[in-house]
Amino acid sequence: MEGAIRKAASLIAVRRAGEGPEVLVVERGAQSRFLPGYVAFPGGATDVGDADLATRWFGSSVEAPRACAVRELAEEVGLVLTAQGLRAGTRGTLDDPAASPPTVDQLPRIAHWVAPEDVPVRFDADYFAVAAEAGIEPEPDGGEVARAWWASPGRLLAEWAEGTRRLYWPTYFTLQHLAACARMEDLLALRIPTREADDHEVARLPRSIFWQDEG
């Protein structure tokens, strides 16, 4: 049903870099129903199998959003998370997490977004973070995800200001908080108090940050 809300999850992978933390982002493919061409964090809607994955990996179906975040990362960019950490794997394959399941502590929830009623595709989304080592490179699926790369939050915001990247409000707002983190550990410890844009921000920011069909 149009306007119905769905549970979802995103995963913010972060690694150390010379000038501060870098995060993994994707550019949505042109055929994506929602926000094609926008920069986002890997993630998507939970499905019926995520509750079972959550029970097997984390011991409770309540952790379905965490399982969704791990699954989406594998499907979209070919990175898998196990108890030993994040590494490159075979895209869409969850054999490694099954053999050595990740833990809740590896995936702190740093933000929670609930889309307002006027958004055409509504999500109730948890944002989790996970540490990554240097040298791990994503492999985008080439469909839902056109590109995937590591970048500093500050650089992504600068590119958005230059008009070379498109950001949706939750991603833009989250990146502002991530950009204030000098260390990977600071980012993993974040707990972001999310909110919708105020009237001043709606008037000041480009319309594309709020509506995908606006320039």
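The values are calculated or read from the model by the stated rules, or taken from the named source; none is laboratory data. Please read these numbers as outputs of a predicted model, since none were measured by experiment. When we count neighbours, we look across all protein chains shown, and the Cβ atoms used for this are built from the backbone with ideal geometry, even at glycine. Heavy atoms of the whole protein, side chains included, go into the accessibility calculation; ligands, DNA and RNA do not. Shrake-Rupley method; radii C 1.70, N 1.55, O 1.52, S 1.80 Å.
Computed quantities for the displayed model
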quantity: The range 120-215: C-alpha pair distances exceeding 22 Å, %; calculated: 39
quantity: At q = 0.21, 0.29 Å⁻¹, base-10 log of I(q)/I(0) for the range 96-165 (Debye sum, equal scatterers on each alpha carbon); calculated: -1.38, -1.12
quantity: Efficiency of FRET from Cβ geometry, Thr93 and Gln31, R₀ 25 Å, rounded to 0.05; calculated: 0.60
quantity: Helix 153-162 vs. the chain, principal-axis angle (Cα, 0 to 90°, nearest 10); calculated: 30
quantity: Along each principal axis, Cα extent of the chain, largest first, Å; calculated: 50, 46, 32
quantity: Sites Glu159 and Trp211 - FRET efficiency at Förster radius 22 Å, r taken between beta-carbons, to 0.05; calculated: 0.60
quantity: Rounded to 5, percent antiparallel among DSSP beta bridges of the chain; calculated: 65
quantity: Residue-normalised accessible area of the chain, expressed per residue, 1.4 Å probe, Å²; calculated: 47
quantity: Whole-Å distance, taken between Cα centres, linking the range 75-113 and the range 140-215; calculated: 23
quantity: Under 5 Å, built H, 5+ apart or other chain: amide partners of Ile110; calculated: Tyr127, Phe128, Ala129
quantity: Virtual spin-label span in nm between Thr103 and Asp118, 7 Å along Cα→Cβ; calculated: 4.5
quantity: Gyration tensor verdict on the range 159-207 (Cα atoms; rounded if a/c is under 1.5, prolate if a/b is larger than b/c, oblate otherwise); calculated: oblate
quantity: Alpha carbon convex hull of the range 1-56, volume per residue in cubic angstrom; calculated: 129
